[in-house]
Amino acid sequence: MSPLFPVPRLVAALAAVSVALVLQASLFSHLTVQGVVPDLVLLVVVATGLVHGSEVGLVLGFGAGLLLDLAPPADHYAGRWALALMAVGYVAGRLGSSGHPRVSQWLPVAAAASFVGTSVFALTGLVLRDPAVGVGELLRVETVAVALDVALALVVVPLTMRLFAKVEPHRVLAFTPRKRVERAPRAQATLTRGPRDA
Amino acid sequence: MTDLLTRPASRRPPVEDRLNRRGSLEAREPGRPRRSLVVALVLACVTLMTLDHVDGGTAVDPLRRLVGEVYGPAESGVDAAVRPVVAVPHWLRSLHDLAGRIDDLQSENDQLRSQLATSDYDRNRLQEYDDLTATAESIGYALVPARVVGIGPAQSFSRTVTIDAGSRAGLKPDMTVVNGAGLVGRILRVTSTTATVLLVVDADSTVGARVGRSMKVGFLHGRGDLGQQARLDLELVDQTYVPAKGESVVTWGSQDGAPYVSGVPVGRVESVYSSLRETTQRAVIEPFVDFSALDLVGVVVPSGTTSDRSVIEADGRLR
């Protein structure tokens, strides 16, 4: 059994999450839309789930969410983003495993994962009465957040996927081998098409 | 990982293969998380939330602090690096705003400054208009307002001024020119838009005058001086009458009001000299009008004169 996070992948994931976290906290806090900051960390987790499958996505989501819960600007109950990003990583991995990571395919996945993530975070907030805001406000913020995430996903997800492909160039995406065996002619075509993440 | 070890080998083969519903051996889809992992992580999240929920989060605070020690400086560093860049649109915006505001303030400043510079002037002009209106009322003539636009050079030795009203304003030569204080002079000639006024202080000017209280008549001669020392000499027809100091002198008036209408105040008696040799006496009149500071004047016109500007009627209203 290969480890979930071989060292290069661990380093890449940690770097991606850290950069996303710092950028989200400092750069994108200046570029808010109605006060909503794009969830860069969430998008990194989405990309991880797309590239490495739902298990890696789940674990990385937990870790990244934990960082997000504990890193300075955060003041909500710790564990909320961890739970939300776990769901994100899992969803991204599951949905992503059914197709090829082209933009037309991973963008809906990113949107869905973003929706799931912000929803889980909002729901935990509702349950814990953490931010004492109404459902209407939550929905408004969530809508803006998902829209922002989808827009930012166009940049963040390819970058992260490229990073993962760079640190593990020999590695084929987690979900591809079975498809190739099942549908040989198309797999051949897929193989000649070159790297997936290009 | 722990459940992997504790579970029976039959349920979890070491190759991670398992039986699917159809009973055939199937490899676990790679990358799919084990249920135990999911449960463990979810429980970890819930535990964390609970820990943070109770006791005000004192249990999580060390963790927060630890992460903050790592990411806080990174965030502030990035923020410091990013702030100037992020601020650029704001700068541009505010720079634009500021430039606009500077322009606005500049023009406002200029306006205020010019207002300040001319406020006394404006106040005086307003006062002059008021006075002129009052004069029109008090002397009972219609006036065409005009402003002094030019003063004849002193080396011409003729005390004349140019006013900005001419024949189009209904002006003709030999019309009386007054201002709020009193008699200014008479019109010598007109153009369509300007008129030349001979001031009563001119040495060639002679005005029929009447001493107000006694109605004694005489002739006023100018001395040619402007300014504070401008004086008029009054030569009374009645040689025996000695005007009292401070008596006011008004115009006597001529036929058809030309060149001077009657009853316009000219000045007051300052002193009286009698010349025994010439058997005449001369009264020095201090004019009411400050000829060195003439601005707004009124030209006495017949009531109903058509003019290119408003005419102050005798009752004080504008027409």
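Probe radius 1.4 Å, ligands and nucleic acids left out: can you give me the accessible area buried at the A-B interface, summed over both chains, in Å² to the nearest hundred? In total, chains A and B hide about 3200 Å² from solvent.
For A:Tyr77, the amide hydrogen comes within under 5 Å of no other amide hydrogen, counting only partners 5 or more places away or on other chains and with H modelled in the peptide plane.
Under 5 Å from the amide H of B:Trp252 lie the amide H atoms of B:Gly208, B:Ala209, B:Arg210, B:Gly263, each residue being 5 or more positions distant or on a separate chain, with H modelled from the backbone and absent for Pro and chain starts. Each of B:Glu137 and B:Ala203 was given a label point 7 Å from its Cα along the Cα-to-Cβ line. The distance between the two points is 4.1 nm. Stretched out straight at 0.36 nm per residue, the stretch from B:Glu270 to B:Ala80 would grow longer than its current Cα-Cα span by 60.1 nm.
For B:His96 and B:Gln127, what does the FRET efficiency come to when R0 = 51 Å and r is the distance between their Cβ atoms, rounded to the nearest 0.05?
Values: r = 45 Å, r/R0 = 0.87.
FRET efficiency, B:His96 to B:Gln127: 0.70.
Couplings 3J(HN,Hα) for the stretch B:189-202, derived from phi with the Karplus relation 6.51 cos²θ - 1.76 cosθ + 1.60 (θ = phi - 60°), are 8, 10, 10, 5, 10, 10, 9, 9, 10, 8, 6, 5, 7, 5 Hz, where x marks Gly and Pro. For the set A:Phe115, A:Phe121, B:Phe291, the ranking by accessible area, highest first and with no ligand, DNA or RNA atoms included, is A:Phe115, A:Phe121, B:Phe291 under a 1.4 Å probe. Summing +1 for each Lys or Arg and -1 for each Asp or Glu among the other residues whose beta-carbon sits under 13 angstrom from that of B:Asp97 gives 0. Across peptide B:66-77, the mean count of Cβ atoms from other chains lying within 10 Å of each residue's own Cβ comes to 6.
Between amide H atoms placed 1.01 Å from N, distances below 5 Å from B:Ile151 occur with B:Thr162, all of them 5 or more places distant or on a separate chain. If R0 equals 30 Å, the separation of the Cβ atoms of B:Glu69 and A:Glu168 corresponds to a calculated FRET efficiency of about 0.45.
Taking 0.36 nm per residue of sequence separation and removing the Cα-Cα distance, the B:Ala40/B:Gln111 pair yields an extension gain of 18.0 nm.
Within the assembled protein chains, the solvent-accessible surface assigned to B:Arg317 is about 130 Å², based on a 1.4 Å probe.
Remark on the stretch B:185-265: ratio of C-alpha radius of gyration to 2.2 N^0.38 Å is 1.16.
The values are calculated or read from the model by the stated rules, or taken from the named source; none is laboratory data. All of these numbers come straight from a predicted model, not from anything done at the bench. Neighbour counts run over all protein chains shown; Cβ positions are idealised from the backbone, glycine included. SASA here: full protein model, heavy atoms, side chains in, ligands and nucleic acids out. Shrake-Rupley method; radii C 1.70, N 1.55, O 1.52, S 1.80 Å.
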